[in-house]
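Peer 1: Pasting in a structure now, in structure tokens, and then I'll have a few things to ask.
The values are calculated or read from the model by the stated rules, or taken from the named source; none is laboratory data. Please read all numbers here as calculations on a predicted model, not as lab measurements. We place every Cβ from the backbone using ideal geometry, glycine too, and count neighbours over all the protein chains shown. The protein model used for the area step is the full one, side chains on, heavy atoms only, and it has no ligands, DNA or RNA in it. Shrake-Rupley method; radii C 1.70, N 1.55, O 1.52, S 1.80 Å.
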Amino acid sequence: MGQLDEAGATVTIAPSLTRRARRIAASLGIVVIALLTSAHVGSPDTWFEGDAGPYHVRIVVRSPGVVPGLSDVTIRVMGAGVTRVTAVPIQAGAAKDAAPPPDVATPVPGDAELYSVQLWLMAVGAYSINVAVEGTAGTGTVAVPVTAIATRRLEMDRTLGLVLAGVGLFLTVGLLTLVGAGVRESVLAPGETPDPTRRNRARAAVVGAGIIVALLLYGGWGWWQSEDAGFSRFLNWTFASEATVSQVGDDRVLSLAITDSAWLMRNDQGWLRRNGFSSLSPLIPDHGKLMHMFVVRDDKRAFAHLHPVPQDSSAFVVTLPPLPAGHYRVYGDIVRENGMTHTLVSDVDISAPAVAPATGVRAATPDPDDAWWLAGSVGSRAGERTIALSDGSTMTWVHSTEPLLVEHEADLQFTVQGPDGSAASLEPYMGMMSHAMIVRSDDSVFVHLHPTGSISMGTQSVVEMRTPADTVSGMLGRRITESDMSAMTHPSGGTAQNTVSFPFAFPSPGTYRIWVQVKRDGHVLTGAFDTDVLPTVPSTSKSR
């Protein structure tokens, strides 16, 4: 990407803060920091599949929606001989010996492999859910990184509201009665009757106390309305970002810049403290990249998985592959050193390439892991399950005939055969045997998946490598960068060398496009599939 720097690809970012941005930052305080941490879009739950020692587990952490809140955790342990399963949430940076005692997960009736437990997430931020499995094969543990954020606003139950209003009225009347009785009779001898002067004083005291109580109630009501309005307005707020495309020589260069005040001022600790923000930790690599960018055209007929490099502390740039002209949604996944993950979202119009692409593969790319898909064949659960890939091999979606349902474990398993019909030998792609991107037709849901689930390798590195000595910002990130976590190969989740699967449940009904990426003979291959997800959720098959 040094070529880009010499060419002078630039992004303009206004560093000054407007008066409105200052008011927003001051009013949101720490709540905004919580809402700035959501990874993916429209899919708040965490899915993980891996090993807890000798036991293969699949763990689902359902977002509580509000913080503090109870998170539903389900743990599927594949195999027999399990005697006990426990789980405990540990907040990032907290000492493990300061964690609460683990909660025992209870077996789910009707499913011998499934265990369930509810865990309190008491503060916003990064957590790890530490799961321990005990059985005849010994004890195994695994830590699942989770981000605790607020994703919804709870409405007051009408009955509870009426009860609380009645209690408040009773307490208010009782308080005024005590004030009046105290002024009127507290210093009188037993049996003595208050004179008119004392009764008038009591009435005046009740009126004065009533005014004070009314002012307190009015002030409390105004404060609550302000807090509620601010919370609701920024419930789904994320780092503001802007995507732009510029022509640099024969190349189209896409820039994604973070324009949010909180990010631009992250090195000004005085400003952060004055406006109620905690410090923002630096970025760390995820799968060896500082950003994973996904560029999706509105009609879903063009898709790219790219890896831009930082142009400065707030902007990332990448040379575009031969994507056709159109309006695109841009997603940028980043991970911070404290374990928090973010998905930047922006829109951009891309003009036609200067040179028409001859094939879907170029001889050289800015990053060898960049890959794209241009209106190729699309498979479907309801139609053709096998599609052709760009090298002549095929990809098949192996699934049952049952429909996909909201919040039910989806059947996402894919096999790859070579051009001759034999099982293909898949290679690691950025430390994973496969990557999948899921986008709903209206762009309200975007998810980046791996065979290990929805967690990022960067966040997992933070959980595994953080020590009590990591008190200086940047030191843990340096160790993670030097460890080259991208070189680690994770299992495919499938049962054969040419099979990959992904643990996931669709968060809402609708039509989805799924892109599945694998690597074979040094080339990244992308397959696309469509599916419909139904809203009906029969209790007999629910995965939680």
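Peer 1: Given the criteria modelled with pLDDT under 85, under 28 Å from S473 (Cα atoms), surrounded by fewer than 18 Cβ atoms within 10 Å (Cβ to Cβ) and not polar (S, T, N, Q), does A123 qualify?
Peer 2: Criteria met by A123.
Peer 1: Right, another one. Taking I24 as the residue in question, decide whether it is among the β-branched types (V, I, T), modelled with pLDDT under 50 and either open to solvent by less than 70 Å² (accessible area, probe 1.4 Å) or on the phi < 0 side of the Ramachandran plot (or both).
Peer 2: Considered against the rule, which asks whether it is among the β-branched types (V, I, T), modelled with pLDDT under 50 and either open to solvent by less than 70 Å² (accessible area, probe 1.4 Å) or on the phi < 0 side of the Ramachandran plot (or both), I24 comes out as yes.
Peer 1: Q460 is checked against (1) open to solvent by less than 40 Å² (accessible area, probe 1.4 Å); (2) at pLDDT 70 or above; (3) in a loop (DSSP other than H, G, I, E, B) and fails just one. What number does that condition carry?
Peer 2: With respect to (1) open to solvent by less than 40 Å² (accessible area, probe 1.4 Å); (2) at pLDDT 70 or above; (3) in a loop (DSSP other than H, G, I, E, B), Q460 is out only on (3).
Peer 1: Answer with yes or no whether G383 is modelled with pLDDT under 95, more than 30 Å from V463 (Cα to Cα) and in a strand (DSSP E or B).
Peer 2: Taking the combined requirement at face value, the residue does not satisfy it.
Peer 1: On the given criteria, is G42 touching a Ser or Thr at 6+ places or on another chain (Cβ under 7 Å), closer than 27 Å to S508 by Cα and open to solvent by 20 Å² or more (accessible area, probe 1.4 Å)? Talk me through it step by step, then tell me what you get.
Peer 2: Working: touching a Ser or Thr at 6+ places or on another chain (Cβ under 7 Å): yes; closer than 27 Å to S508 by Cα: yes; open to solvent by 20 Å² or more (accessible area, probe 1.4 Å): yes.
Against the criterion (touching a Ser or Thr at 6+ places or on another chain (Cβ under 7 Å), closer than 27 Å to S508 by Cα and open to solvent by 20 Å² or more (accessible area, probe 1.4 Å)), G42 qualifies.
Peer 1: Next question, about the same structure. In the range 294-344, which strands (runs of 3 or more DSSP E) lie fully inside it and hold 2 or more residues that are open to solvent by less than 20 Å² (accessible area, probe 1.4 Å), touching a residue at least 40 places away in the same chain (Cβ under 8 Å) and under 13 Å from L283 (Cβ atoms)?
Peer 2: It comes to 315-319, 326-336.
Peer 1: Now for a different question. Looking at S441, S454, can you tell me which residue is open to solvent by 50 Å² or more (accessible area, probe 1.4 Å), in contact with a Phe, Trp or Tyr (Cβ under 9 Å, 6 or more places away or on another chain) and among the small types (G, A, S)?
Peer 2: Unique residue meeting the criteria: S441.
Peer 1: The conditions are (1) of a type in the set (D, E); (2) open to solvent by 70 Å² or more (accessible area, probe 1.4 Å); (3) over 27 Å from the mean Cα position of the chain (by Cα), and D111 fails exactly one of them. Which is it?
Peer 2: Failing condition for D111: (2).
Peer 1: Only residues that are modelled with pLDDT under 80 and surrounded by 12 or more Cβ atoms within 10 Å (Cβ to Cβ): list them for the range 354-379, please.
Peer 2: P357, G360, V361, R362, T365, P366, G376, listed by residue number.
Peer 1: Within the range 223-257, work out how many residues are at pLDDT below 90 and not in a loop (DSSP other than H, G, I, E, B).
Peer 2: Taking the range 223-257 as the starting set, the residues that turn out to be at pLDDT below 90 are 223-240, 247-251.
Those left that are additionally not in a loop (DSSP other than H, G, I, E, B): 223-233, 247-248, 251.
Adding up the residues that qualify gives 14.
Peer 1: Any residue that is touching a Phe, Trp or Tyr at 6+ places or on another chain (Cβ under 6 Å) and surrounded by fewer than 22 Cβ atoms within 10 Å (Cβ to Cβ) - is there at least one of those in the range 384-396?
Peer 2: Yes, the conditions are met somewhere in the range 384-396.
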